[in-house]
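What follows is a single structure, written as structure tokens, with notes after it.
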Amino acid sequence: MFKTNIFGLEYLKEKAKFCTRCPLHKSRTNSVFDRGNPEAQIMILGESPGFNEDIEGKPFVGKAGKLLDEILKEINISQDKTYITNIVKCRPPDNRQPEEIEITTCYNHFLSQQIKIIQPKIIITLGNIATQIFLGKEKKITEIRGNIFQFKDFLIIPTFHPAYILRNPHKRNIILNDFKKIKLTYETYL
């Protein structure tokens with residue numbers, strides 16, 4: 001039996017394609033909604049799409065996405081065990097960080113609904129912005145990454161964004177160890 005309301009997810013995806021609630025819609029090529037298994041218990045959450053994602057209409061398909069896929073493969077978490085999305089569904093101009101109004105708008109109209117539909121047991125937050133929407137602005141990824149936080153009906157496990165690791169390759173083992181902890185948590189508690 002499927003736990004996910006696929007029709008609800010498809011409806012949200014269609015709404016995102018035509019959303020004009022914030023200024024980001026003016027420059028998007030595609031809205032970038034999701035990839036992966038909507039039945040998965042692990043949701044991976046980034047902040048916003050980049051250039052490649054905007055072109056393809058799928059999250060994490062550029063260099064950072066390839067690194068994320070490599071890490072998942074390295075720790076033997078198959079892609080059918082994950083559901084991947086971003087907070088913001090449209091690419092901010094020049095890959096700038098999303099602004100508060102963009103984050104709030106997408107969270108309220110899309111991400112909160114995705115979470116209700118997917119019902120993940122673990123949300124892996126990639127970077128500060130994805131982490132702070134759940135744990136508060138005072139939380140810094142460098143201080144809390146790799147820790148486990150209970151939030152409503154799921155666990156939040158923050159780690160570095162793969163784009164950060166691409167800029168700082170000497171820290172690859174840190175994110176790899178965080179994902180090993182995530183896998184152990186998944187196997188032990190779920």
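The values are calculated or read from the model by the stated rules, or taken from the named source; none is laboratory data. Bear in mind that the values here come from a model prediction, so they are computed numbers and not experimental data. For neighbour counting, all protein chains shown are included, and Cβ atoms are generated from backbone atoms with ideal geometry for every residue, glycine included. Keep in mind that these areas ignore ligands, DNA and RNA; they rest on the heavy atoms of the full protein, side chains included. Shrake-Rupley method; radii C 1.70, N 1.55, O 1.52, S 1.80 Å.
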Exercise for the section: Calculate how many DSSP beta bridges within the chain are antiparallel, expressed in % of all such bridges and rounded to the nearest 5. Expected result: 25
Fill in the blank from the handout: For the stretch 132-186, the convex hull over Cα atoms projects on average to an area in nm² of 4.1
Problem - Under 5 Å, built H, 5+ apart or other chain: amide partners of ILE44 - result: TYR83, ILE84, THR85, ILE124
Practice task
Quick one: pull the percent of accessible area on the stretch 3-118 belonging to carbon and sulfur, 1.4 Å probe, ligands and nucleic acids left out.
Solution key: 51
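Rounded to the nearest 20 debye, what is the charge dipole size of the stretch 1-131 about its Cα centre when +1 sits on each Lys and Arg Cβ and -1 on each Asp and Glu Cβ? Mind showing how you got there, number by number?
Details: 18 positive and 16 negative charges, 51 e Å.
About 240 debye.
Keeping every protein chain present and rolling a 1.4 Å probe, give me the accessible area per residue for the stretch 25-155 in Å².
Accessible surface, normalised per residue, equals 45 Å².
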Exercise for the section: State, to one decimal in nm², a quarter of the convex hull surface area for the C-alpha atoms of the stretch 78-189, i.e. the direction-averaged projected area. Expected result: 7.6
Problem - At q = 0.18, 0.19, 0.27, 0.28 Å⁻¹, base-10 log of I(q)/I(0) for the stretch 96-155 (Debye sum, equal scatterers on each alpha carbon) - result: -0.69, -0.76, -1.31, -1.35
Exercise for the section: Post the alpha-carbon centroid distance, the stretch 85-127 to the stretch 49-75, in whole angstrom. Expected result: 16
Handout entry: Length released on extending from LYS73 to LYS26, taking residue separation times 0.36 nm less the Cα-Cα span
Key = 13.3 nm
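Using a 10 angstrom Cβ neighbour count of at most 10 plus a DSSP loop assignment to flag exposed chymotrypsin sites (Phe, Trp or Tyr not before Pro), which longest range of the chain is free of such sites?
19-190
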Handout entry: Most fluctuating residue given options PRO38, PRO158, PRO169, as computed from a GNM of the chain linking Cα atoms under 10 Å
Key = PRO169
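With Cβ to Cβ distances under 12 Å as the rule, what net charge do the other residues near ARG28 carry (K, R +1; D, E -1)? Write out the running numbers ahead of the final one.
Working: positive: LYS17, LYS26, LYS89, ARG91; negative: GLU53, ASP54, GLU102.
Value of the local net charge: +1.
Mind checking which helices in the chain clear 18 Å along their axis (Cα) and have mean Kyte-Doolittle hydropathy of -1.0 or more, DSSP H runs only?
Values: long enough: 172-189 (25 Å, -0.57).
Membrane-span-like by this rule: 172-189.
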Handout entry: Normalised alpha carbon radius of gyration of the chain [divisor 2.2 N^0.38 Å]
Key = 0.95
